[in-house]
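**Q** Quick one: the structure is below, questions incoming.
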Amino acid sequence: MPTDTKRVRGPEVSQSPTLFLCKHAAVFPSHGPRADGRQRDQVDVRPVFVRCGLVSQAKGSAYIEAGNTKLMCCVYGPREMERKDETDMKCGKLTTDMRFAPFSCLERGSWIQGSQDKDLSLMLHESLQPAVCLHKYPRSQIEVNVMVLENSGSVLAHAVTCASLALADAGIEMYDLVLGCSIRQNGASYVVDPSYMEENSCSSVSSENQGGLTVAFLPSLNQISGLQSDGEMTEETLTAGVRTCIEGCYKLYPVIQQALTKAVRRAAPPPAES
């Protein structure tokens, strides 16, 4: 891979200065307010900033910022498939690639895609594919590239929302927008849109209901296109968590609609003077 001569890169083993600060307790409290002031056991998502059409070289692009979590998505295509033997005469192909920038986490990463990036790319593909009208683009492929600029928790859920918005900005025909929301379960308590510390901290109590859940939801069709969970949760807890994530998606829906409407108005030609 050719190197970027204009990029000033630090040493490969460099670490963020925040690692040398006083570390917080790695225990996940089950009561009281959260570190950022949000409430537990409520659908309390972080304030979201969304913008479309920031990358001029891409067919469509979107930027989303939720707290300190920042992601950028670019969509290219539809274009002719690279490999003719994989060409489907009746249906197009959707490819997804999700990566973490080296400076996105506390410990500096690598530009090479790791196992976590590949797993997230697969989950992103499974969440987006049911919403895209691939039969409208035969013998073509649509590329979705997501770059995590800063990881402060719930990256998969926000990546789904950002990628869906970029596809709409690119003019790709879709059945509906796809919104993502995640929760972190801690016994009888849960937090919506968890931060990085809440996702990676351990529990202060021993309980069977411990884990995380991410839901990709189509709000207009009222359908779930993707679901990813980890840990151990009972059926009742998992069902209640899915309902909570759906409610969180409905809270994000007006913000995404407004951002997409503004992007369309900016791209529309000015009215002709009579």
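**Q** What is the percent carbon and sulfur in the accessible area of segment 105-149, measuring with a 1.4 Å probe over the protein chains and ignoring ligands?
**A** Here it works out to 53 percent.
**Q** In whole Hz, with x marking every Gly and Pro, tabulate ³J(HN,Hα) for segment 34-51 from phi via Karplus 6.51 cos²θ - 1.76 cosθ + 1.60, θ = phi - 60°.
**A** So the Karplus estimates, Gly and Pro as x, are 7, 4, 8, x, 6, 9, 7, 6, 9, 7, 10, 8, 6, x, 10, 10, 10, 8 Hz.
**Q** Could you tell me which of A268, G241, P254 has its Cα farthest along the dipole of segment 229-270 towards the positive end, charges placed at Cβ (Lys, Arg +1; Asp, Glu -1), taken about the Cα centre?
**A** Of the listed residues, the answer is A268.
**Q** What order do you get for 259-269, 93-103 when each peptide is scored by the mean count of other beta carbon atoms within 10 Å, highest first?
**A** 93-103, 259-269
**Q** Same structure, new question: Round to a whole number: what % of the accessible area of segment 175-274 belongs to carbon and sulfur, probe 1.4 Å?
**A** 52
**Q** Largest first, please: the extent of the C-alpha atoms of segment 55-180 along each principal axis, to the nearest Å.
**A** Cα spread of segment 55-180 along its principal axes, largest to smallest: 46, 28, 26 Å.
**Q** Could you sort the peptides 152-164, 221-233 by per-residue average Cβ neighbour count (10 Å cutoff), highest mean leading?
**A** Highest-to-lowest ranking by the protection proxy: 152-164, 221-233.
**Q** Sticking with this one: Mean shadow of segment 208-268, computed from the convex hull of its alpha carbons, in nm²?
**A** Convex hull of Cα atoms, orientation-averaged projection: 4.9 nm².
**Q** Provide the per-residue ³J(HN,Hα) series for segment 157-171, in order, calculated from phi with Karplus coefficients 6.51, -1.76, 1.60 and θ = phi - 60°, each as a whole number of Hz, with x at glycine and proline positions.
**A** After applying 6.51 cos²θ - 1.76 cosθ + 1.60, I find 4, 6, 5, 4, 5, 5, 5, 4, 5, 5, 5, 5, 5, 7, x Hz.
**Q** Kindly rank 244-253, 185-194, 47-56 from highest to lowest mean number of other beta carbons found within 10 Å of each residue.
**A** Peptide ranking by packing, descending: 185-194, 244-253, 47-56.
**Q** Right, here's the next one. Rolling a 1.4 angstrom probe over the protein heavy atoms, how many square angstrom per residue are accessible across segment 143-244?
**A** Dividing the accessible area of segment 143-244 by its residue count gives 37 Å².
**Q** Same structure again: Using the structure shown, list the pairs from K70/K251; K93/K262; K118/K251 with a Cα-Cα distance above 27 Å, or answer none.
**A** The answer is K93/K262; K118/K251.
**Q** What residues qualify as long-range amide H neighbours of G153, i.e. H under 5 Å apart, gap of 5 or more or another chain, H built at 1.01 Å from N?
**A** Those qualifying (amide H under 5 Å, at least 5 residues apart or on another chain) are Y196.
The values are calculated or read from the model by the stated rules, or taken from the named source; none is laboratory data. Keep in mind that this is a model prediction, so the values were computed, not measured. Cβ: placed from backbone, ideal geometry, glycine included. Neighbour counts: every protein chain shown. Ligands, DNA and RNA are stripped out before the accessible areas are found, and what is left, the full protein with its side chains, is counted by its heavy atoms. Shrake-Rupley method; radii C 1.70, N 1.55, O 1.52, S 1.80 Å.
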